[in-house]
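> Sharing a structure here in structure tokens format.
The values are calculated or read from the model by the stated rules, or taken from the named source; none is laboratory data. Since we're looking at a predicted model, the values are computed, not measured. Here the Cβ positions follow ideal geometry from the backbone for every residue, glycine too, while neighbour counts run over all protein chains shown.
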Amino acid sequence: MKMAVEFERVLGYFDEDGDGKISASELRHRLGLMGGEILQREAEMAIEALDSDGDGLLSLEDFVVLMEGGGTEDEKMKDMREAFNLYDTEGTGFITPKSLKRMLSKLGESKTIDECKMMITQFDLNGDGLISFDEFVVMMQ
């Protein structure tokens, strides 16, 4: 249940016009704001590949399928790496309290650094105060 709320929040971030679905241009624009680059045609192809009802938009159900993963283990790990990189805003190879705060802010969630530190400790398996990619994978499963 908690995961569904997270998916809705992320979908809401991408859904600029509030129609409950993500268009190719919304996908492209929001990825651009997060530092990613995708061509309009690439965004259209991604939506087309995931669109279950043929309306040219990514619905919450499509988004959940994407996030919960169909596909091969390699594709899932690639998706995990891309998701991790969104949070690793400092390029350190770790999610830090500062980078977590920044990403949560982009998703509309306001947290203090101390709150982010507490969130990290829940999944910080080696106690270094950071989330590594391996810890992120464990957290997402």
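> Across the range 80-123, what is the total count of residues that are surrounded by fewer than 18 Cβ atoms within 10 Å (Cβ to Cβ) and assigned to a loop (DSSP other than H, G, I, E, B)?
12
> Would you point out which residue out of GLY127, GLY91 is assigned by TED's automatic domain parsing to the domain that holds MET139 and under 17 Å from the mean Cα position of the chain (by Cα)? Show your work before the answer.
Working: GLY127 fails: under 17 Å from the mean Cα position of the chain (by Cα).
Of GLY127, GLY91, the one residue that is assigned by TED's automatic domain parsing to the domain that holds MET139 and under 17 Å from the mean Cα position of the chain (by Cα) is GLY91.
> A further question on this structure: Which one is modelled with the lowest pLDDT among residues in the range 124-140 that are in contact with a helix residue (DSSP H, G or I) (Cβ under 8 Å, 6 or more places away or on another chain) and not in a loop (DSSP other than H, G, I, E, B)?
Among residues in the range 124-140 that are in contact with a helix residue (DSSP H, G or I) (Cβ under 8 Å, 6 or more places away or on another chain) and not in a loop (DSSP other than H, G, I, E, B), the one modelled with the lowest pLDDT is MET140.
> So for the range 87-95 (the condition being modelled with pLDDT of 90 or more and closer than 17 Å to GLU6 by Cα), does at least one residue qualify?
Pass one, the range 87-95, residues modelled with pLDDT of 90 or more: 92-95.
Right, trim to closer than 17 Å to GLU6 by Cα and you get none.
The answer is no, given that none of the residues of the range 87-95 is modelled with pLDDT of 90 or more and closer than 17 Å to GLU6 by Cα.
> Right, here's the next one. Out of the residues in the range 45-66 that are small (Gly, Ala, Ser) and crowded, with 17+ Cβ neighbours inside 10 Å, which is modelled with the lowest pLDDT? Step through it out loud before you land on a result.
In the first step, residues of the range 45-66 are kept if they are small (Gly, Ala, Ser); the result is 46, 49, 52, 54, 56, 59.
Now narrow it down to the ones that are crowded, with 17+ Cβ neighbours inside 10 Å: 46, 59.
Details: ALA46: 79, SER59: 88.
Looking at the filtered set, the residue picked out is ALA46.
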